[in-house]
1. Here are S140, S110, S115, S72: which of them is in contact (Cβ under 8 Å) with a residue 24 or more places away in the chain, under 28 Å from V425 (Cα atoms), small (G, A, S) and within 16 Å of the ligand (Cβ to nearest atom)?
2. Given the structure, is S243 assigned to a loop (DSSP other than H, G, I, E, B), in contact with a helix residue (DSSP H, G or I) (Cβ under 8 Å, 6 or more places away or on another chain) and farther than 27 Å from G48 by Cα?
3. Which of the numbered conditions does V26 fail, given that it passes all the others? Conditions: (1) touching a residue at least 24 places away in the same chain (Cβ under 8 Å); (2) closer than 30 Å to A399 by Cβ; (3) open to solvent by 10 Å² or more (accessible area, probe 1.4 Å).
4. For the range 221-274, what are the residues that are under 16 Å from P375 (Cα atoms), small (G, A, S) and either out of contact with any Phe, Trp or Tyr (no Cβ under 8 Å at 6 or more places or on another chain) or modelled with pLDDT under 95 (or both)?
5. Restricting attention to the range 304-331, which residues are in contact (Cβ under 8 Å) with a residue 40 or more places away in the chain, acidic (D, E) and over 24 Å from Y345 (Cα atoms)?
6. Within the range 179-196, which residues are part of a loop (DSSP other than H, G, I, E, B), surrounded by 24 or more Cβ atoms within 10 Å (Cβ to Cβ) and among the small types (G, A, S)?
7. Would you mention how many residues in the range 117-136 are closer than 19 Å to T373 by Cβ and open to solvent by 10 Å² or more (accessible area, probe 1.4 Å)?
Amino acid sequence: MVVEKVKRFLKVIEDKNPKLNAILHVFRDDAIKQAEAVEQKINEGNAGRLAGYVFTIKNNIAIKGKPLTAASKALEHYISPYDAAVIEKLRKEDAVIVGTANMDEFATGSDSTTSAFGPVKNAIDDAYVAGGSSGGSASSVKAGMADASLGSDTGGSIRCPATFNGVVGFKPSYGRVSRYGLADMAMSLDQIGPITNTVEDAKRIYDVINGKDERDVTTHEFPTMPNKSNVKVAVLKEIVDGSDELVRELFFKALDKASVEYELVSVPEAKDVVAIYYLNMFAEFSSAMQKYDGVRYGANNAMDEASNYFELAKVFRGEHFGREVKRRILLGTFITMKEFKDAWYMKALKARAQLKGRVAKVFDEYDILLTPTMPVFPWKIGEKQQDPVQMYTADIATAIANLTGIPAGTVPFYDGEKFPVGVQVLSAYGSDDAVLDYMARLESSF
Ligand code: GLN
């Protein structure tokens with residue numbers, strides 16, 4: 001049964017991947033072997049909670065013995081020596097992994113076109129971007145190459161591609177899921193989560209992957225939250241105002257359809273989310289990238305050309321990083337320099353703290369906060385490449401959750417258009433189950 005299913009997925013990958021470019025590495029023999037073992041456990045009646053679930057894994061998450069490229073030339077030949085914490089957990093519950101998912105290089109982007117191995121295409125229409133940075137994860141799930149995928153979300157990278165491909169995505173509260181084995185993009189913002197066809201699947205996977213892990217000191221136990229039957233819902237005005245007209249229209253149609261009673265709330269700082277996010281992220285990203293200097297992590301030929309360490313790092317980075325990665329390293333380095341950090345980075349930290357306080361206040365009064373997940377529909381491949389700032393603005397609704405650490409999920413709503421809108425569900429820090437429950441409620445009425 002599981003073997004047959006895996007073979008079916010492998011066939012879809014074979015048929016569709018040449019076009020979609022969602023998968024970077026296919027683990028054909030491995031996946032069939034895993035499936036045989038799981039099938040045996042099912043027959044013996046001792047299979048785990050994810051038995052028979054087939055996954056693709058974003059290629060910035062470590063899988064022992066497999067390439068971890070983060071879609072960069074810099075890691076093209078790097079093989080993971082160990083499993084990430086989330087992979088250990090999937091394996092323990094008998095999930096099967098069929099391959100790695102393509103993505104933006106080091107997760108920097110909103111459309112999966114910065115991959116060094118070619119852009120990912122949208123599974124609804126391959127002339128359009130898949131969203132990013134976990135574009136391969138979402139496209140592979142929508143295309144039927146797997147049941148589910150794990151992505152990472154630093155400023156929206158699970159929820160953006162989930163929305164663009166019309167599937168479900170969930171970013172847990174910061175500190176819920178271990179980042180051990182994730183190639184970090186910006187450590188205080190990164191979180192791993194599921195991309196799935198249904199909310200039920202997202203919940204099942206979240207239940208497996210969350211939990212304290214000694215190897216990631218930011219993970220911790222969370223108190224159990226009371227299960228409320230009567231939730232008070234707000235809609236965030238600034239994000240609605242900042243969305244395209246058609247997105248706004250469909251978003252309210254979705255709320256109507258689900259008979260959501262809500263009040264409009266205003267968080268003035270939300271208008272500045274893109275600036276706050278990018279400044280914080282640039283600083284952490286440029287620091288995260290320092291370890292890729294040509295000495296460690298995969299073979300390269302820069303060693304032969306360089307006469308000293310600085311020369312080596314310069315040659316290696318110059319040759320192996322793409323434009324977007326270089327841009328972010330330069331900007332992050334600039335804003336954290338002694339002369340400029342007060343004017344930029346310190347201000348960004350303060351603004352982040354202020355946003356966090358304001359968002360927390362909303363949840364003193366409301367249980368659930370809703371926004372459109374993406375303020376725009378997917379664009380055609382190549383359309384926004386020349387204008388990074390235009391692309392950055394697409395993160396306005398999603399990055400709020402990363403900056404404040406709160407849980408956030410997205411559910412697609414179709415209304416006869418080619419692409420759905422995403423309805424984003426947010427709640428207070430630690431209220432992950434409340435978000436998933438509300439997502440299920442929306443899903444069942446859409
Ligand atoms: N689009 C955002 C960025 O480019 C989000 C990236 C992410 O969440 N990894 O930074």
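The values are calculated or read from the model by the stated rules, or taken from the named source; none is laboratory data. In this text the structure is predicted, and so the values were computed from the model without any measurement. Cβ sites come from the backbone with ideal geometry, for glycine too, and all protein chains shown count toward neighbours. SASA here: full protein model, heavy atoms, side chains in, ligands and nucleic acids out. Shrake-Rupley method; radii C 1.70, N 1.55, O 1.52, S 1.80 Å.
1. Selected residue: S110, the only one of S140, S110, S115, S72 that is in contact (Cβ under 8 Å) with a residue 24 or more places away in the chain, under 28 Å from V425 (Cα atoms), small (G, A, S) and within 16 Å of the ligand (Cβ to nearest atom).
2. Taking the combined requirement at face value, the residue satisfies it.
3. Tallying (1) touching a residue at least 24 places away in the same chain (Cβ under 8 Å); (2) closer than 30 Å to A399 by Cβ; (3) open to solvent by 10 Å² or more (accessible area, probe 1.4 Å), V26 fails exactly one: (2).
4. Listed by number, the residues that qualify are G242, A270.
5. Hit for the range 304-331 is E319, nothing else.
6. The one that is part of a loop (DSSP other than H, G, I, E, B), surrounded by 24 or more Cβ atoms within 10 Å (Cβ to Cβ) and among the small types (G, A, S): A183.
7. 4
Here's the yes/no breakdown for (1) modelled with pLDDT of 95 or more; (2) closer than 27 Å to V12 by Cα; (3) of a type in the set (K, R):
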{"position": "A148", "(1), (2), (3)": "yes, yes, no"}
{"position": "S157", "(1), (2), (3)": "yes, yes, no"}
{"position": "Y174", "(1), (2), (3)": "yes, no, no"}
{"position": "M185", "(1), (2), (3)": "yes, no, no"}
{"position": "I192", "(1), (2), (3)": "yes, yes, no"}
{"position": "T196", "(1), (2), (3)": "yes, yes, no"}
{"position": "R204", "(1), (2), (3)": "yes, yes, yes"}
